[in-house]
1. Does A134 count as at pLDDT 90 or above, within 27 Å of G93 (Cβ to Cβ), surrounded by fewer than 20 Cβ atoms within 10 Å (Cβ to Cβ) and small (G, A, S)?
2. Residue by residue through segment 191-248, note down the ones that are modelled with pLDDT of 85 or more and among the basic types (K, R).
3. Looking only at segment 11-28, count every residue that is open to solvent by less than 70 Å² (accessible area, probe 1.4 Å) and in a loop (DSSP other than H, G, I, E, B) and tell me the total.
4. Residues of segment 347-399 being among the hydroxyl-bearing types (S, T, Y) and under 30 Å from D94 (Cα atoms), which ones?
5. Check off (1) part of a helix (DSSP H, G or I); (2) modelled with pLDDT under 80 for D364 and give me the number that stays unchecked.
6. Might you let me know whether segment 294-310 holds any residue that is at pLDDT 90 or above and either small (G, A, S) or open to solvent by less than 30 Å² (accessible area, probe 1.4 Å) (or both)?
7. Check S338, S371 and return the single one that is open to solvent by less than 60 Å² (accessible area, probe 1.4 Å), farther than 19 Å from R154 by Cα and without any contact (Cβ under 8 Å) to a residue 12 or more places away in the chain.
Amino acid sequence: MTGLSCLSITACQVPLDVLERLSYSREELAGRLTSLRRNSRARAVAVLSTCQRTEVYATWPGEPDEPALLAALARDRGIPSWVLRPVARTYRGDAAARHLLRVASGLESFVLGETEIAGQVRAAAELSRAAGGADAELERLMDAAISASRKRQRRTSIPAATRSVAGMAVDEVTRSNGGTLAGQRLLVVGAGQVASIAVARAVELGAVVTVCNRTPRHAHRFAAAGAAVVDFAGLADCLAASDVAILGTTAPHPLVDTHLLRSARAADARQLTLVDLSMPRNVDPAVRALPWVRLIDLADLRSDGTPEAGDLVHDLAAAEEIIEAELQRYLRWLAGRSAAAALRRMRSGAEGIAREELARIAGDLPPEIRSSMEQVLLKTVHRLVHKPTLELRAAAAAHDGGLVDVLASLFDPAPSARGRAAAGTGLLTGEPDTTARRCGPPLDAQGLHVRAVDQAGHERGVHRAHKLTM
């Protein structure tokens with residue numbers, strides 16, 4: 001059975017400078033997943049890297065190896081393992097799956113119900129898939145997380161835009177400006193989802209908005225929202241003319257520092273409020289030393305992330321129900337998948353017994369008699385495996401691996417017969433079934449199952465009950 005584990009490091013646990021070193025850009029991550037998978041000895045790895053967290057989800061063929069995963073991450077980011085070990089949270093199995101669903105639904109964010117995280121989870125899933133080492137169980141879990149997020153947004157009234165980091169940042173600037181942004185010159189640096197929400201919210205509040213970005217193709221979208229658009233080369237001039245600047249890009253290094261600000265603005269200039277929503281940070285923290293600069297970063301916003309009451313309790317309960325339903329759906333799929341190999345083993349053993357009996361007693365009987373005997377033995381196999389099949393599925397759903405193994409081996413050859421079984425049926429070695437070649441083709445479970453249903457009406461319920469879902 002696959003082992004699932006999550007290594008989670010968030011802004012609530014570590015200083016921003018540590019989280020900054022842990023963060024990956026999308027372009028960088030595409031080239032690092034293979035190394036992380038190899039160094040952690042995992043079968044598949046997915047990394048969720050945002051302004052609030054870096055989380056690594058991984059699967060192994062057997063038990064999870066969290067120490068190897070932490071060591072692989074530390075090595076990849078050039079951080080000593082002893083720095084990460086006390087601040088990293090680990091989740092395993094069902095707890096890891098539930099955690100990802102909660103993260104994707106915005107319930108683990110310091111801005112409750114944020115919307116950006118769903119797209120980030122989707123991007124993490126795409127990168128993991130593109131990096132190879134595909135794992136159906138991890139892919140299915142990522143899909144379940146995205147589904148939970150969509151349903152949470154559709155079925156609850158937790159506000160979307162105003163609960164986002166960008167929306168909350170605009171609201172914070174508005175409160176500090178006496179409750180209004182009317183006439184304020186507000187600069188947005190970036191062109192992603194953060195910028196879209198910030199522009200829409202600021203224009204709605206009456207600000208004069210300018211968007212500074214590197215990609216002209218986004219100009220029409222922001223112009224339609226009511227903002228002026230300038231090229232990134234004009235950043236210094238924009239900062240000189242602005243009252244507020246909100247930065248939300250994926251740049252791997254600071255875009256604004258003390259040198260740029262001193263060259264752009266006079267020492268006696270009016271106050272400039274900088275809001276840095278990026279990770280890695282777009283604004284060098286050293287700008288706080290400038291008396292006319294007010295810097296607000298993610299750490300400053302964190303304490304203001306709790307929304308008002310009202311119907312929130314009801315919405316949270318509804319969100320938790322959605323997450324639990326998606327989790328149980330995933331676990332049922334997982335149990336069915338893990339049971340499939342055990343069921344094949346059990347059915348193969350039972351059919352091997354029937355095959356041996358047919359070879360022993362049929363001899364050189366005419367084909368029509370042999371076919372009748374085959375049907376009788378097949379009915380016996382179906383009766384034998386029906387109840388164990390139901391018990392095995394129940395054990396897999398309950399994660400009782402011991403019972404699954406016992407039931408899977410129920411019809412294995414006895415130790416004294418292993419040599420004969422291996423030579424005669426190929427069940428243990430995977431070699432061709434020489435007995436079957438002498439006595440006719442091997443029993444085809446699906447094909448014979450259909451014929452048995454047609455010829456034995458009183459067995460219909462039994463056949464349907466234990467039909468495998470692969």
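1. For A134, the condition - at pLDDT 90 or above, within 27 Å of G93 (Cβ to Cβ), surrounded by fewer than 20 Cβ atoms within 10 Å (Cβ to Cβ) and small (G, A, S) - is not met.
2. Result: R201, single match.
3. 6
4. Our first condition is that a residue be among the hydroxyl-bearing types (S, T, Y); within segment 347-399, this holds for 348, 371-372, 380, 389.
T389, the sole residue that qualifies.
5. (1)
6. Residues of segment 294-310 at pLDDT 90 or above: 294-296.
Okay, now just the ones that are also either small (G, A, S) or open to solvent by less than 30 Å² (accessible area, probe 1.4 Å) (or both), so 295-296.
Within segment 294-310, one or more residues are at pLDDT 90 or above and either small (G, A, S) or open to solvent by less than 30 Å² (accessible area, probe 1.4 Å) (or both).
7. S371
This table checks each residue for (1) more than 30 Å from V275 (Cα to Cα); (2) aliphatic (A, V, I, L, M).
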{"residue": "S40", "(1), (2)": "yes, no"}
{"residue": "R43", "(1), (2)": "yes, no"}
{"residue": "S49", "(1), (2)": "no, no"}
{"residue": "R53", "(1), (2)": "no, no"}
{"residue": "V56", "(1), (2)": "no, yes"}
{"residue": "P61", "(1), (2)": "yes, no"}
{"residue": "P67", "(1), (2)": "yes, no"}
{"residue": "A71", "(1), (2)": "yes, yes"}
{"residue": "P80", "(1), (2)": "yes, no"}
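The values are calculated or read from the model by the stated rules, or taken from the named source; none is laboratory data. Predicted model, so just to flag it, every value in this text is computed and none were measured. With ideal geometry, Cβ positions are generated from the backbone for all residues, glycine too; neighbour counts draw on all protein chains shown. What goes into the accessible areas is simple: the full protein's heavy atoms, side chains included, and nothing from ligands, DNA or RNA. Shrake-Rupley method; radii C 1.70, N 1.55, O 1.52, S 1.80 Å.
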